Amino acid sequence: MLQQALQKIQQEVGANPKEEYIRLVGAELINYVRSNPEKAQLFLADGKTIGASKNALEQEAKKKNARMLHPDEARIIILSYFGIEPPKTEPEPVAVGFAINLDDLGL
């Protein structure tokens, strides 16, 4: 399954050498599939292509009335297009680092 997914991505990249979007996203997807081989079958779905994932990005940008999206946001949209839900992450707590000792104030 892993090799088939990698071949499909590489074939699309090879068939579109002048399409920078396909080349860049293809490289990211190859890295993703190698790091997450259990997700490889999702890239083999009929009709799911790197080129078509661009439409998903464009639709999301239109919804937000934006011309560009943050790279992290674009990555989530592209992976979602292929059926991969982003991991649920909790925001990291921020340490405030503020403490007062009344003795230090001399009161």
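The numbers here are math on the coordinates, done by the rules we state, and not lab data. Since the model is a prediction, treat every value here as computed from it, not as a measurement. Reconstructed Cβ throughout: ideal geometry from the backbone, glycine too, with neighbour counts over all protein chains shown.
Among 78, 22, the order by Cβ neighbours within 10 angstrom, fewest to most, reads 78, 22. What shape does the chain have by the C-alpha gyration tensor, where a ≥ b ≥ c are the square roots of the eigenvalues, rounded means a/c under 1.5, and otherwise prolate means a/b greater than b/c and oblate the rest? Taking the square roots of the gyration eigenvalues as a ≥ b ≥ c, the chain is prolate.
For the pair residue 7 and residue 21 in one chain, pulling the backbone fully straight at 0.36 nm per residue adds 3.3 nm over the alpha carbon distance.
Counting lysine pairs in the chain whose alpha carbons fall under 18 angstrom apart, excluding pairs fewer than 8 residues apart on the same chain, gives 10. Label sites at residue 85 and residue 52, each approximated as a point 7 angstrom past Cα along Cα to Cβ, lie 2.2 nm apart.
Around residue 26, under 15 Å between beta carbons, what's the net of Lys plus Arg minus Asp minus Glu among the other residues?
On the way: positive: 8, 18, 23, 34, 48, 54, 75; negative: 12, 19, 20, 28.
Cβ neighbours under 15 Å give a net charge of +3.
Annotation: extensible slack from residue 41 through residue 65 equals 5.3 nm (criterion: 0.36 nm per residue apart, minus Cα-Cα distance).
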